[in-house]
Amino acid sequence: MARGYATLAALALAFVLRAAVFPIADNKHGDAPMRALIAERLVLEPGSAAQPRTYCQFGPLHTTLMRPFIAADPLASRSSRLLSLFAGLLVFWPFAAFARRVAGEQAAALACFALAVSPLHIQASTTAASEALYLLLWVAALERLLAALADGGRLRTFALAGLLASLAAVTRYDAWLALPIMVLAALILAPGALRARVRGLAVFSLCAAVLPAAWLLWGARAGGDALFFAHYIMTDHADLAADVAGRFGPVLGRARQVGIWVLAFVAAMTLPATVLAAGAIARGWRTLAAPARIVIIAALAPPALYVARGLLLQSFEPLARFALVPGTLLLPLAAAVVPATRARAFRVTTAVAAVAFSVVVWLVATVGRDRIWAGAESLGAVTRLDGEDRELAATLRARRAPHTPVMVEPLAFADIAIAHAAGVPWTESISLIVTRTPRATVAETMTATGARFVAGYDHPGGWPRTLPDWPATALHIGRWRLVER
């Protein structure tokens with residue numbers, strides 16, 4: 001297959017799949033709705049961009065690049081996802097070049113096909129999560145770094161790779177973990193003169209550190225805490241891990257983490273590619289070329305640290321999307337194992353496995369359940385709000401006057417997705433800016449918070465059952481109960 005043709009064929013397939021999913025996908029997982037709310041606030045209140053804490057725990061680049069899309073199309077539930085769609089398609093060019101450097105032309109063609117049908121990449125490309133943009137920047141950075149190491153150490157190529165890595169590092173913090181380990185691996189494993197390698201990697205490291213250093217300095221000067229985002233992240237994951245440990249116990253909780261990681265890599269790579277990549281690494285580490293070994297270390301360093309925290313300290317809760325980038329980087333190794341005579345069979349089995357996996361996790365997430373099980377759904381290609389959540393959002397969008405505050409019962413963070421889908425800005429969502437806990441009564445809650453709409457979920461412990469003056473005449477939307485002042 002001619003060079004470029006395979007990439008275009010994979011891109012065409014990727015476009016068809018993502019164009020089919022995009023109209024029905026919702027911002028739900030991967031902090032997608034919260035990121036969209038932040039970007040919307042940056043549009044509505046440009047001055048808020050001057051405060052690092054506006055970006056919460058997230059890297060600032062992703063939400064910043066979402067701003068022009070939302071400004072051009074105020075329907076944020078749609079426009080916030082366009083950046084991911086474009087990034088999810090553009091990645092095929094640097095990924096094809098990257099795969100050729102790691103594993104050759106035929107493997108690159110198969111790896112591009114596997115990425116096109118990846119359930120997790122389809123999800124990332126059709127929602128406002130940051131993984132699609134991060135993958136584009138990180139793959140481009142790695143490809144340029146491998147090119148610099150291979151061509152005798154041209155400093156401008158090292159510098160370009162470092163600048164791309166710097167952009168990736170202010171998109172997602174995974175890069176902060178991967179970069180120093182990857183540089184050390186390249187220093188030790190890459191061929192060529194050591195002096196040229198040291199000089200080039202020093203240039204790469206300095207360029208890669210520019211934006212992270214600026215972000216730390218800005219956080220320290222504007223907010224008094226350079227690592228405010230890290231404190232958010234560590235606390236969130238420690239709380240999630242503690243909740244899981246309390247429900248499942250220390251042994252089952254740890255086993256559950258291993259299971260999540262395995263399923264997450266299958267969601268990112270599909271089962272055939274996951275098995276082939278694991279086998280290639282296990283059997284042939286000593287025989288792999290330097291670029292492949294550097295890529296393996298760069299890909300698996302962050303997950304290895306997450307696994308260590310989760311299993312040893314039980315202070316980290318894995319999420320499916322954390323496997324997307326490392327899984328994608330390993331696809332060329334999986335494809336390299338496939339003989340030329342089995343290329344067609346690999347494509348067929350990979351496509352079938354991707355479809356079957358997405359269907360199975362969707363059925364597990366929905367069949368026989370009152371609400372969609374987010375844990376299973378987050379592994380698949382399609383993410384959807386629960387029907388009653390979507391209906392509540394539509395009701396709020398239709399009935400809420402501009403600048404009217406709304407308070408929605410959190411219900412495992414469903415309030416964030418509902419506020420986003422309803423077009424309620426972050427600054428008018430009471431549960432996000434004032435409190436996530438109501439007062440003793442509905443009347444006191446409205447008076448104290450300024451909320452004109454209060455939505456509670458009718459279940460044991462829910463607001464409609466715990467607030468004594470909840471009106472019987474409240475609007476019923478599924479199990480949501482909506483009170484309007």
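Considering all C-alpha pairs of the range 338-458, those separated by over 21 Å amount to 52%. Residues of the range 321-355 with the amide nitrogen closer than 13 Å to a label point 7 Å from the Cα of Arg283, along Cα-to-Cβ, please. Of the residues in the range 321-355, 334-339 have backbone N under 13 Å from the label point off Arg283. For the chain, the mean residue ellipticity at 222 nm estimated from helices alone is -21500 deg cm²/dmol, where every DSSP H run of n ≥ 4 contributes -39500 (n - 2.57) and the total is divided by all residues, rounded to the nearest 500.
Once you have a ≥ b ≥ c as the square roots of the Cα gyration tensor eigenvalues for the range 387-484, tell me rounded if a/c is under 1.5, and otherwise prolate or oblate according to whether a/b is larger than b/c. Because its axes are fairly even, with a/c under 1.5, the range 387-484 counts as rounded. The residues neighbouring Ala161, those whose beta-carbon lies less than 9 Å from its own, together hold a net charge of 0 under the Lys/Arg +1, Asp/Glu -1 convention.
For the range 17-158, what class follows from the C-alpha gyration tensor (a ≥ b ≥ c being the square roots of its eigenvalues): rounded when a/c is under 1.5, otherwise prolate if a/b is larger than b/c, else oblate? Oblate, since a/c reaches 1.5 and b/c is not below a/b. Classify the range 251-358 from the C-alpha gyration tensor, please: rounded if a/c falls under 1.5, else prolate or oblate depending on whether a/b exceeds b/c. Here the range 251-358 falls in the oblate category.
Length gained on full extension, Leu155 to Ile24, computed as 0.36 nm times the residue gap minus the Cα-Cα distance: 42.6 nm. For the range 276-428, the normalised intensity computed at q = 0.13 Å⁻¹ comes to -0.86 (log10 of I(q)/I(0), Debye sum over alpha carbons, equal scatterers, no solvent).
Along each principal axis, taking the top coordinate minus the bottom one, the Cα set of the chain gives 75, 51, 47 Å in descending order. Per-residue Karplus couplings for the range 418-426, computed as 6.51 cos²θ - 1.76 cosθ + 1.60 with θ equal to phi - 60°, are listed in order as 5, 4, 5, 5, 7, x, 8, x, 3 Hz, Gly and Pro entered as x. Under 5 Å between amide hydrogens, built in the peptide plane, is the criterion, and for His459 it picks out Arg465 among residues at least 5 positions away or on other chains. Judged by the mean number of other Cβ atoms found within 10 Å, the most tightly packed of the peptides 266-274, 404-412, 354-362 leads the ranking 266-274, 404-412, 354-362. For the listed peptides 91-99, 470-478, 285-293, a ranking on the average number of other beta carbons within 10 Å per residue, highest first, reads 91-99, 285-293, 470-478. Taking a Cβ cut-off of under 14 Å around Thr441, the surrounding Lys, Arg, Asp and Glu residues balance to a net charge of +1, with basic ones at +1 and acidic ones at -1. Across the chain, the mean sequence separation of Cα contacts (distance under 8 Å, 6 or more residues apart), normalised by length, yields a relative contact order of 17 percent. Amide H contacts of Ile477: Leu482, each under 5 Å away and 5 or more positions distant or on a separate chain (H built 1.01 Å from N in the peptide plane; Pro and chain starts excluded).
Among 239-249, 105-115, 76-86, sorting by the average number of other beta carbon atoms lying within 10 angstrom of each residue, highest first, gives 105-115, 76-86, 239-249. Neighbour counting of Cβ atoms within 10 Å sorts the residues Glu484, Glu45, Glu131, fewest neighbours leading, into Glu45, Glu484, Glu131.
For the chain, the longest principal axis of the Cα atoms and the long axis of helix 343-366 meet at an angle of about 20 degrees.
Each principal axis of the range 180-287 carries a Cα extent, and these read 52, 49, 22 Å when sorted largest first.
Taking the C-alpha atoms only, the angle from helix 387-399 to the longest principal axis of the chain is near 60 degrees. Just so you know, the Rg over Rh for the range 235-298 is 1.14, from Cα atoms, with Rh as the Kirkwood radius. Relative to the longest principal axis of the Cα atoms of the chain, helix 32-44 runs at roughly 70 degrees.
We did not get these values from a lab; they are worked out from the coordinates using the rules stated. None of the values given here were measured: they were computed from a predicted structure. Reconstructed Cβ throughout: ideal geometry from the backbone, glycine too, with neighbour counts over all protein chains shown.
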